[in-house]
Amino acid sequence: MPRMKKITSAAAFLLLVLFAAVFLSSPARFGQSVLNGLMLWLSAIVPTALPLLVVLSLMVRSPAFFAVTKRLSPFAEKLFRIPGAGAGAMLLSLLSGYPAGARTVAELASEGRLRKGDVFYTACLASTSGPAFCLGAAAAMFSSPAAGIVLFGSHLLAVWSMGFLLPRLTRHKAEPAPPPLPKAREPFSALLFSAVQAVLSVGALIALFFCIKEMLFSLLPPLSGYGEGILSGLLEVTAGVSALAKLKTPLSLALAAAEVSFGGLCVNAQQLSFLAGTGVKMLPFLLVKCAHGLLAFAFCYPLALLVFPV
């Protein structure tokens with residue numbers, strides 16, 4: 001194990017050296033990509049994410065949310081083997097999208113609403129894109145409302161199917177929801193400061209992955225439409241879906257559903273940053289996200305043939 005850690009540490013150091021070398025080879029070009037990422041964050045993420053994260057923090061701490069989750073417990077325990085609070089996080093993720101679901105899971109864990117053994121399963125379920133992206137942005141990219149509906153439906157089926165299968169494959173048992181831990185009420189200013197920190201961390205990650213994407217494309221030969229869409233989507237989902245949408249084929253729509261369900265490394269880095277300290281490990285979480293992508297592709301492709309007939 002110590003030898004493996006040394007190898008991993010050396011590999012990480014070499015990657016950092018490579019990053020610095022490539023960046024310094026053309027700082028103006030790659031600095032512009034960072035600025036592009038920050039401009040996207042400022043124009044598209046901050047106006048929605050900041051108020052949303054504040055509202056979600058208030059909702060999670062409200063007695064009404066606790067009452068709703070108690071009613072959801074029988075359904076959640078039977079279907080997904082998680083407590084009602086986990087089902088509440090899943091619904092909030094469904095409405096708001098990445099990465100608010102992960103932050104909600106982290107807050108429920110810190111409040112004592114989720115047992116340690118339930119956090120991972122809940123995090124995998126509360127890891128969905130929202131309807132605003134799938135039915136709005138993605139549908140507009142494909143110039144087809146039907147494409148957005150197929151993409152969103154396939155994405156949700158993939159996440160829910162994995163949420164049903166995973167606890168049964170690992171023999172996880174649902175446990176009664178724990179009572180909330182006694183905790184002093186946080187002032188609104190503390191909640192606001194926490195939300196601002198979260199949004200700033202999202203912005204930093206978006207800028208970093210925009211830079212990494214530009215670096216990779218500078219080192220590779222020109223890619224085809226599918227190649228560009230797949231590589232872009234592995235890093236940053238919006239860029240990947242945008243590239244695939246130009247093709248308007250059943251395969252491109254199915255690949256877009258896979259990318260939305262996987263989330264891209266940028267979104268997954270955002271989610272894992274919120275889940276740090278909850279016990280959710282990176283590798284198992286990423287493996288589940290890969291399974292989300294594969295299932296979404298399988299669900300989407302037959303339906304995509306109806307949207308874009310061959």
Relative compactness, segment 162-310, computed as alpha-carbon Rg over 2.2 N^0.38 Å: 1.30
Portion, in percent, of the accessible area of the chain that falls on carbon or sulfur, probe 1.4 Å: 74
Summing +1 per Lys or Arg and -1 per Asp or Glu among the other residues with Cβ less than 14 Å from SER252's Cβ gives 0
Which order do peptides 82-88, 274-280 fall in by mean Cβ count within 10 Å, highest first? 82-88, 274-280
Segment 1-139: Rg to Rh, with Rh as the Kirkwood radius over Cα pairs: 1.12
Net charge contributed by nearby residues that have their C-beta within less than 12 Å of LEU56 (K/R +1, D/E -1): +1
Value of relative contact order over the chain, rounded to a whole percent, pairs C-alpha under 8 Å and six or more apart: 21
Grab the DSSP H runs of the chain that are 4 residues or longer, score each as -39,500 (n - 2.57), total them, divide by all residues and round the 222 nm result to the nearest 500 deg cm²/dmol. -25000 deg cm²/dmol
Percent of Cα-Cα pairs more than 24 Å apart in the chain, please. 55
Return one whole number: the accessible area per residue of the chain in Å², for a 1.4 Å probe. 49
Exceeding 27 Å between C-alpha atoms, which entries from my cross-link table qualify? They are LYS78/LYS116; LYS116/LYS213; LYS6/LYS173; LYS116/LYS289; LYS246/LYS289. LYS116/LYS213; LYS6/LYS173
What net charge is computed for the residues neighbouring VAL241, neighbours being all others with C-beta under 13 Å from the C-beta of VAL241, Lys and Arg scored +1, Asp and Glu -1? -1
Stretchable slack from SER25 to LYS6, in nm (0.36 nm times residue separation minus alpha-carbon distance): 4.0 nm
Give me the number: length gained by fully extending LEU16 to ASN36, i.e. 0.36 nm times residue separation minus the C-alpha to C-alpha distance, one decimal in nm. 5.0 nm
Order by protection proxy (mean Cβ within 10 Å, highest first), peptides 163-172, 258-267, 204-213: 258-267, 204-213, 163-172
Expected output is a single nm value to one decimal: the length gained when fully extending between ALA140 and THR170, i.e. 0.36 nm times separation in residues minus the C-alpha distance. What is it? 6.9 nm
Using a basic spin-label model with each label point 7 Å from the Cα along Cα→Cβ, how many nm lie between SER218 and ALA298? 4.1
Compute the relative contact order of segment 1-145 as a whole-number percentage, counting only Cα pairs closer than 8 Å that sit 6 or more residues apart in sequence. 17
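The values are calculated or read from the model by the stated rules, or taken from the named source; none is laboratory data. Being a predicted model, the structure only gives us computed values, none of them experimental. Don't worry about glycine lacking a Cβ; one is built from the backbone with ideal geometry, like all the others, and counts go over all protein chains shown. These accessible areas exclude ligands, DNA and RNA; they are computed on the full protein's heavy atoms, side chains included. Shrake-Rupley method; radii C 1.70, N 1.55, O 1.52, S 1.80 Å.
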